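Chemist: Can you read through this structure? Questions will come right after.
Read-outs: derived from the displayed coordinates by stated rules, not from any lab. Keep in mind that what you see is a predicted model, and the values were worked out from it rather than measured. Backbone-built Cβ (ideal geometry, glycine too); neighbour counts: all protein chains shown.
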């Protein structure tokens, strides 16, 4: 116990709270911020309080302090993880060498090895791994926009050339997002470098022009302005362009290796596998007869049995998967190299290597395989002692990071869980490989050739195909009903051609996956809970206070909402104090608020304990006049402020007053840390005296976005990121020196956020503007001068819609738009989910995430884009009617708002078992157990389990009858509750 309470361990942590009870009455609240002799000083101060703590046994204090310290660290770590991420969770690059029996080097290569190991210097013991972060990245039902939202519906297609004379195509549709009564424009820009997608909000009073849509995509200059293409056959060509993103079906190699086999010739020469290998194949999928096989064949011969008699096949989340199993491919006794087997498995991007033997025997290395095409190897070993599988992933160095990260240790005792993890890892791995320079350049050349060929075919016919010759600046037509009969006939033919193409794609098996799947509910980390229904006021800002929510409204002041539907809101400040921005810092016992506007704007600081006491004693609601002692006078006229993420040791505040930055700190003192006890002795309720003004820094313009970046040492190496004009600058706090971090090359700039994140303890910044997000790594240079790291560690990605707010919660980064939450992975920017949330507004995100929506609780289950698409048959609206959008509210009709909550512990606590290294934090413990998900999530989630091949054809047949006008009653497909391969087994056996 003495070693635990020693100075090194006890004083290391920035702050913690302990509530001591004498009987049932609270006696004192201790806050310790560390420092020499803090424990002895705390005891003396507690003893001096007198009768208030007379019931406390001093010999119990160490146990109380120790228990609180552990709980505080876990909570603090959970909060810090929102700004933490680590690419080391996705393996490290190693040079792997293969040698022969004499020790001579045969082959060598650099691979990223992922084995689930943690930092060797860490004494962390992993707990139970929770498989809540197994997601297909960039799922087709979210990325194949043209098939899902355009094909078979009335939309516009345009062709033009940019300033570099490169042709491009633009497709625009006005649609209802997944029948959620959320109208929006969707646009796809087809270019040689790839497709760019964006969603723009719909306004009944303001229509968009083609020019404004292209401007939103950062295309402002043209060699030839866009012209509309009226030929309905253009849909077929654009569908071909979209299919260049990659196949929806996959083929994987499966190589069997006996214990001790270390060369590819030995592995490929195994005529048959073992019993454990057969069980593994049975886990992967079904054994199917190749001759006459009508499904996805993955390059195998289905007519003459030249590639074997049987193979392993399955359908996973709508993806058809064919496995090239080495022992099922043709075997030749004369050919020791087994060329026929190598021809198939050697041309697979991803290969599973099933190796017999225990962990002590020599292990497989990618350098043992002579293949320039295979980029990813998944090494699987079976342990018969505990009936478990161990997984290890080798990825060629150029392959981008992909998930899910392996657990620590990477051992799976649940075989179904292992199957799900392995298949998702393989699918994500092949998608990631297609982004390597080799494949990306090939895809770009193919796109360039297709686009130029299509452009040359269309341009001679453009004059005669132009109907009414709509000018470049004309708005997009909203209602085809107002067009002439000729236009209506053209649109009817346009829709008919598109629906026929859609049907053909479905029957062929190349449709985006969830359109041919059913759903089985599975809770996802981003599922939300209902917090407050029908809140009557508009919320300006807010922050979490324990399990409650403190919100500033536009007309009712500041209110505290309890985490209970039976408790009414409590007014803390009346409407005379108009709060625009706030932070609730519980470890600091502090509320920071920016109130009023213009010259009257100021920062106000309050002790939370004082506010809480006033609420409990039912004192009068505070007014602006009551806050005169809480003003930070030098902040007069401020329009923005920001605090540092890791504010436990030292709170830093930067306040923007026009083009001037004011740096303020609050250093913790030994006596002030016991704030609640100090109030008993008569100390003032206002913490204004705790703050000190450090310096002023002048800028060339008023900042729109700010972020404080912690330096690695905390000694004069902190920085400030500011965004103004068309740039992000980095300011040294100590010297005021500025460094250009990023210049925005766009006519219009909408700055969203600058988020300080820490990769393995090293500072970086997520710069978000328009629909772009850029990660820049930042490191101090010569102790003070900031320098940008080489761009090898930097990356960028685009959101599908312009966000209003960004929240980083490793491994996820969430964008909150006007009507959706877009969820991506922070390490690579890959999309994992999009939730439709009408009239969305982020309220608080410092700890738990709170947001407002007009979606009522009883329709929560309908707000998932994955649910809607997975439960609907692959059909489009009949005819060519545009979707019916909600009518505007009547006079005096107030929109109802509902508040929802996404617990932070669900996002970060359930996804990370290995600790993250935070700057200025010496010890990190695991996060607390996640809270239970509420019964009424607005963002409902499912994992789609696939239908069999025959059921796919049944859906296509029903759709064909509907498109041909058959009045046969539509039978709703029942949900399938079994494994994907169980459905296919019923058809093949």
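Chemist: Taking 45 Å as R0, compute the FRET efficiency from the Cβ-Cβ separation of residue 793 and residue 618 and round it to 0.05.
Modeler: 0.25
Chemist: Continuing with the same structure: Would you mind computing, in nm to one decimal, how far apart the modelled labels at residue 306 and residue 660 are, each placed 7 Å from Cα along Cα→Cβ?
Modeler: 8.2
Chemist: Of all DSSP beta bridges in the range 249-433, what percent run antiparallel (nearest 5)?
Modeler: If I count the DSSP bridges inside the range 249-433, around 55 percent turn out antiparallel.
Chemist: Label point 7 Å out from residue 360 along Cα-to-Cβ: which residues of the range 260-282 have amide N under 18 Å?
Modeler: Answer for the range 260-282: 260-261.
Chemist: Give me the one-decimal nm value for the distance between modelled label points at residue 335 and residue 294, 7 Å along each residue's Cα-to-Cβ direction.
Modeler: For the pair residue 335/residue 294, the computed spacing is 3.2 nm.
Chemist: Here's something else I'd like to know. Using a 7 Å offset from the Cα along the Cα-to-Cβ direction at both residue 387 and residue 537, what is the distance between the two label points in nm, to one decimal?
Modeler: Between residue 387 and residue 537, the simple spin-label model gives 5.9 nm.
Chemist: Under 8 Å for C-alpha pairs, at least 6 residues apart: give me the relative contact order for the range 249-433, rounded to a whole percent. Display every interim value, and only then the final one.
Modeler: Values: 335 pairs, mean separation 42.4, N = 185.
RCO, the range 249-433: 23 percent.
Chemist: Here is a further query. If I take all pairs of Cα atoms in the range 249-433, what percentage of them are more than 22 Å from each other?
Modeler: The share of Cα pairs beyond 22 Å in the range 249-433 comes to 43 percent.
Chemist: Just how far, in whole angstrom, is the range 280-298 from the range 327-396 if you go by their alpha carbon centroids?
Modeler: So the separation of the two Cα centres works out to 19 Å.
Chemist: For a Förster distance of 45 Å, can you work out the FRET efficiency between the beta-carbons of residue 489 and residue 523, rounded to the nearest 0.05?
Modeler: Efficiency for this residue pair is about 0.35.
Chemist: Also: Please compute the length gained on full extension between residue 698 and residue 547, using 0.36 nm multiplied by the number of residues separating them and subtracting their Cα-Cα distance.
Modeler: 50.4 nm
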